[in-house]
Amino acid sequence: MANISIRNICKSYGNLNILKNFSLDIDDGEFVVLVGPSGCGKSTMLKILAGLEAASSGTIHIGKRDVTDIAPGDRDVAMVFQNYALYPHLTVAQNMGFGLKMRGTPAAEITLRVADAARSLDIEHLLARRPRQLSGGQRQRVALGRAIVREPQAFLMDEPLSNLDAKLRVHMRAEIGALHQRLGVTTIYVTHDQTEAMTMANRIVIMKDGEIQQIADPETMFAKPANLFVAGFIGSPGMNFLKLEQAASGGLTLFGQVLPGLPAVTLSGGRNIIAGLRPEHIRMGEGAATITVHPSLVEGLGSEKYVYFDTPVENRVALQGVVHVEKDESESQQRGNRLIARLMDVGPVRVGEALRLSFDPARLHLFDATTGVALSPADTLAGTG
Amino acid sequence: MKPRILTQLFLYAAVLVTCAFLIFPIYWLVVTALSQPDQLRQLPPRFWPADPNWSVFSKILGERPIGLWLANSALAAFGAVTISMVVSVLAGYSLSRFRVRGGQSLGLFILTSKMLPATLLVIPLFGIFRMTGLIGSLWSIIFAHATLIIPFTTWMLKGYFDTIPRELEQAAMVDGCSPLGALFRVILPVSAPGLAATALYGFVLSWSDYAFARTFLTNAQNNWTANLGITTMKGEYISNWADISAASILIALPILAIYLFLERYLVGGLTAGSDK
Amino acid sequence: MAQSRFSLDLARPSRQHWLGYFLLAPAVILIAAIIIYPLVISVDLSFQNVGIARLDQPRRPFTTDNYARLFTSPDFWNACWVTLKLILVVTTACFALGLGTALLVNNRFKGRSIARLLVAMPWAVPEVIATVIFAWMFDSSFGLFNWLFITTGLADKPINWFSETGPAFAVVATTMVWKGYPFVSIMILAGLQSIPDDFYAAARVDGANAWQRLVNITLPSLRPVIGVTMILVMLWVFRDFSIIYVLTGGGPLKATQTLSIMTYEQAFSFFRMGYASAIGVVTLVICVIAAKLMMSRAPENL
């Protein structure tokens with residue numbers, strides 16, 4: 001086991017920059033998740049870490065050793081692939097022992113270690129089978145087994161759960177978490193799924209267009225997103241975004257009212273502020289800031305309800321290219337035009353009927369509308385000068 | 001329900017008639033081989049050999065060096081396929097996996113050379129083989145057949161490698177293989193069916209050649225291939241069609257056997273590089 | 001250890017792409033030696049007055065006589081015309097027969113896989129053997145076709161298939177169609193199988209009958225496959241040597257002498273290799289144009 005130090009890694013194909021100055025220090029035994037939309041460079045980073053692709057510049061150290069240009073097989077890391085990449089012509093036992101065999105480990109020891117790993121993953125009865133005779137979940141376990149048998153310095157996992165169905169995915173998520181707890185091996189895990197990142201990581205690295213957006217533990221990531229992109233990416237349903245209006249009094253208005261409890265500030269140069277409000281921070285009934293809405297859609301999920309309503313025209317924001325939305329551009333357009341409240345244990349809510357909702361302005365996240373960077377109250381105050 | 005039964009009946013009839021009609025020449029070859037020579041000089045012809053003359057095969061094998069011709073054909077095919085496969089496996093893998101500078105134009109050239117007429121290459125090859133003393137030697141057609149086979153096998157194999165996920169060799173490399181080790185320990189074993197189909201396809205191409213053998217081997221009787229040998233039988237002033245047919249069956253048999261095995265790979269092979 | 005150090009080198013991330021070049025090297029060398037170099041020689045020969053190619057002797061003076069002679073030779077234009085006729089006849093017939101058999105065995109019925117196997121069987125018969133079969137069936141004394149033609153009244157006396165120009169052309173064309181249609185059939189079958197069943201289901205719901213489904217769904221969906229296949233068949237006819245050479249040798253009276261046969265005859269019967277190379281170069285140019293045409297139809301696989 002070892003710490004990993006990634007320094008200023010860049011990767012480009014011609015004019016296309018896949019990775020821009022990626023730097024990250026990973027502690028021994030840490031579970032780090034690289035997360036971001038497809039094409040953000042997270043998988044490329046993992047491949048560079050594994051030695052399967054060359055970096056254009058930068059260095060990588062595993063432990064004390066500079067491995068920037070060391071062969072993948074000599075880095076002492078193990079990798080789990082999205083499609084598992086089990087060797088179809090070998091049995092499960094041979095698959096798991098392949099890496100040890102390549103390193104010249106005696107056959108007896110290979111058998112022993114494969115048996116150990118198989119027992120811990122509950123796949124002992126599959127050892128003589130071939131990959132095509134296994135179910136998706138079993139293949140996943142074998143792929144994990146192949147990694148742990150090696151007892152490597154680090155595990156690299158490239159979207160290992162995305163080929164599983166939803167239920168199995170939740171189960172394997174817990175299992176990988178438990179495995180990490182037990183073995184304590186440094187793990188770098190790549191995914192596009194923020195839920196996986198939030199539930200599994202010690203630390204999350206959010207990426208977009210080859211650049212790191214924020215590095216933080218899940219709590220901080222949720223509570224203090226560094227910019228609009230992170231704020232929109234983490235959390236489900238995603239954060240609501242509103243454009244703040246400058247009131248004549250110098251304060252900021254939302255839903256036609258000057259917000260109480262917010263410092264009456266503005267940014268220099270007439271720049272705009274975007275406010276973020278998490279759906280779970282909107283409550284039923286009166287509160288510090290109370291609004292009346294007419295829901296356009298109500299989704300009941302049993303214990304909780306998602307209530308959708310329109311953003312007042314003056315508070316709408318254009319979010320294209322700023323906030324990541326899985327589907328398409330019209331989706332992100334929508335996201336700037338409507339709000340979601342996530343209400344727990346409430347009575348019947350009907351579409352079109354007036355509904356009183358409230359929120360605490362202190363819970364608002366404020367962002368510079370131009371740069372997307374999060375503003376602390378101090379920033380906004382400074383902006384007045 | 002009734003019209004459906006009728007269409008079904010009609011369908012069977014149509015299939016039966018079509019098959020019978022199209023396969024008839026092959027059937028006729030067999031009937032001819034098994035007929036007594038004098039029966040072939042009668043009209044109307046007999047469509048069913050009353051007393052099949054099975055001894056024609058042993059007779060023809062005794063009279064003509066068909067065994068030698070078949071062995072020569074097999075040897076040439078084996079040599080040409082071996083050379084072609086070694087070269088095409090490596091090149092096909094490279095074209096499938098690496099972005100090599102000029103790789104695409106090489107691929108295009110190979111694809112175009114599938115369409116070269118043999119009659120064009122045969123002249124300069126004749127010159128080259130004359131100079132190197134290979135005329136009359138099986139090596140001449142081994143190399144000549146390689147020009148036919150390599151373009152096909154390279155594209156077939158590239159197509160086959162494209163269907164194998166890259167993660168497989170990446171996993172092997174993380175497990176400690178060198179890139180070449182990954183190719184030999186993982187990719188090639190996994191590709192075994194594709195390699196077999198490709199090699200057999202190359203075998204068919206070599207076995208079917210006539211132009212090169214005719215040009216390079218006509219004066220070297222001991223190295224005649226099956227196709228060359230049989231055309232010399234046909235050219236004799238009295239053609240004994242029963243004998244020729246029997247010899248033809250012996251020559252076609254290996255290819256028909258391969259065809260039965262290859263049938264399901266055929267489409268992929270024929271269309272490789274020319275269609276999606 | 002020395003060996004493992006070598007493989008280690010290629011395994012380094014910064015050098016992994018070298019392997020691509022190493023793997024390609026044998027192919028490049030071999031192709032250069034047995035395809036490109038001969039092609040260059042061909043072109044070179046076509047500009048010399050050469051009888052038998054002797055590479056170990058000094059090059060003859062450069063001349064364009066071969067081409068000048070070629071384009072004024074009635075034989076050359078005759079060969080072009082024969083080639084064109086043969087291509088048109090064989091390709092059309094192969095298309096009709098191939099499409100028909102493909103549509104037929106694409107239906108659902110018991111024994112369909114055997115029917116498929118049989119329908120495509122002539123593909124697996126070596127060309128030389130196919131010519132043997134048809135040479136015998138078209139035999140002028142005891143051949144099946146003459147007997148058939150006379151008993152059905154299509155002819156009143158035996159036809160001399162191989163010594164009359166029209167019949168000889170017919171024999172060559174028939175043999176090539178029989179050998180060539182299975183390829184079309186195989187390709188179209190593959191194309192048929194890639195048409196989603198939903199298309200037909202939707203058309204049935206819309207009340208389209210079998211003919212309308214064929215014209216409006218099947219044929220348009222098959223267009224790319226048919227295009228590529230037809231070009232491949234044309235090229236095959238264009239290049240073919242063994243069927244024609246063994247059946248008729250290009251005769252009688254050059255009635256079946258295509259460009260391929262003419263090239264070969266000039267080179268190896270009359271030993272005018274320079275002149276023959278010039279014909280070959282012309283065929284090469286035609287082939288390259290056809291190949292380009294085909295690739296522009298199927299660009300996505302390159």
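Every number here is computed from the coordinates shown, using simple stated rules; none is lab data. Just so you know, these numbers come straight off a predicted model, no measurement behind them. Counting neighbours? That spans all protein chains shown, and the Cβs are built from the backbone with ideal geometry, glycine included.
Structure data summary
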item	result
Inter-part distance where the range C:132-178 and the range B:205-227 are each reduced to a Cα centre, Å	28
Amide hydrogen neighbours beyond the local backbone of residue A:311, cut-off 5 Å, H modeled	A:338, A:339
Dipole in debye (nearest 20) - the protein assembly as shown, about Cα centre, beta carbon charges: Lys, Arg +1; Asp, Glu -1	1360
Relative contact order (%) - the range C:134-277, alpha-carbon pairs under 8 angstrom, separation at least six	22
Relative contact order for chain A, counting Cα pairs under 8 Å that sit 6 or more residues apart, in percent	16
Peptide A:80-86 - average C-beta neighbours from other chains (10 Å radius)	5
Karplus (6.51, -1.76, 1.60) ³J(HN,Hα), θ = phi - 60°, over the range C:196-212, in Hz, Gly and Pro reported as x	x, 4, 4, 4, 5, 4, 4, 5, 5, 4, 6, x, 6, 8, 4, 5, 4
P(r) histogram, all alpha-carbon pairs of the range A:62-218 included - 5 Å bins from 0, percent	2, 8, 18, 20, 21, 15, 9, 5, 2, 0
Chain C: relative contact order in percent, alpha carbon pairs under 8 Å with at least 6 residues between	27
For the protein assembly as shown, share of DSSP beta bridges that run antiparallel, in % to the nearest 5	75
Amide H contacts of residue B:209 (H built 1.01 Å from N, under 5 Å, at least 5 apart or other chain)	none
Long-range amide H partners of residue C:155 with built H, under 5 Å	C:150
Longest DSSP-loop-exposure-free segment, chymotrypsin sites (Phe, Trp or Tyr not before Pro), chain B, at most 14 other Cβ within 10 Å	B:55-236
Helix A:166-183 vs. chain A, principal-axis angle (Cα, 0 to 90°, nearest 10)	60
HN-Hα J in Hz across the range C:153-160 - Karplus 6.51, -1.76, 1.60, θ = phi - 60°, x for Gly and Pro	x, 6, 9, 9, 9, x, 8, 8
Surrounding net charge for residue A:141, when Lys and Arg each add one and Asp and Glu each subtract one, Cβ distance under 9 Å	-1
Three-way shape call for the range B:194-253 based on the alpha-carbon gyration tensor, with the a/c threshold at 1.5	oblate
Peptide-level mean, for C:256-265, of C-beta atoms on other protein chains within 10 Å	3
Rounded to 10°, Cα long-axis angle of helix A:92-102 versus longest principal axis of chain A	80
Positive-end extreme of charge dipole, the range C:79-173 - chosen from C:124, C:171, C:158 (charges on Cβ)	C:124
Selection from A:142, A:112, A:375, by position along the positive dipole direction of chain A (Cβ)	A:112
Shielding score for B:124-133, defined as the mean number of other chain Cβ atoms within 10 Å	6
Net charge over other residues, Cβ less than 14 angstrom from the Cβ of residue A:63 (K, R count +1; D, E count -1)	-4
Span-like helix ranges in chain B, DSSP H, alpha carbon extent 18 angstrom or more, Kyte mean at least -0.5	B:2-34, B:66-97, B:118-132, B:138-162, B:192-207, B:241-271
Listed residue pairs exceeding 24 Å between alpha carbons, taken from A:167/A:305; A:42/A:305; C:157/C:179; A:42/A:243; B:114/C:292	A:42/A:305; C:157/C:179; A:42/A:243
Positive dipole terminus of the range C:1-105, leading residue within C:19, C:84, C:30 (C-beta point charges)	C:19
C-alpha center-to-center spacing [the range C:60-87, the range C:222-237] in angstrom	26
Rounded if a/c under 1.5, otherwise prolate or oblate - the range C:1-149, Cα gyration tensor axes	oblate
³J(HN,Hα), Karplus 6.51/-1.76/1.60, whole Hz, each residue of the range C:73-82, x for Gly, Pro	8, x, 4, 4, 5, 4, 4, 4, 5, 4
Local electrostatic count at residue B:250 - Lys and Arg +1, Asp and Glu -1, tallied over other residues with Cβ under 14 Å	0
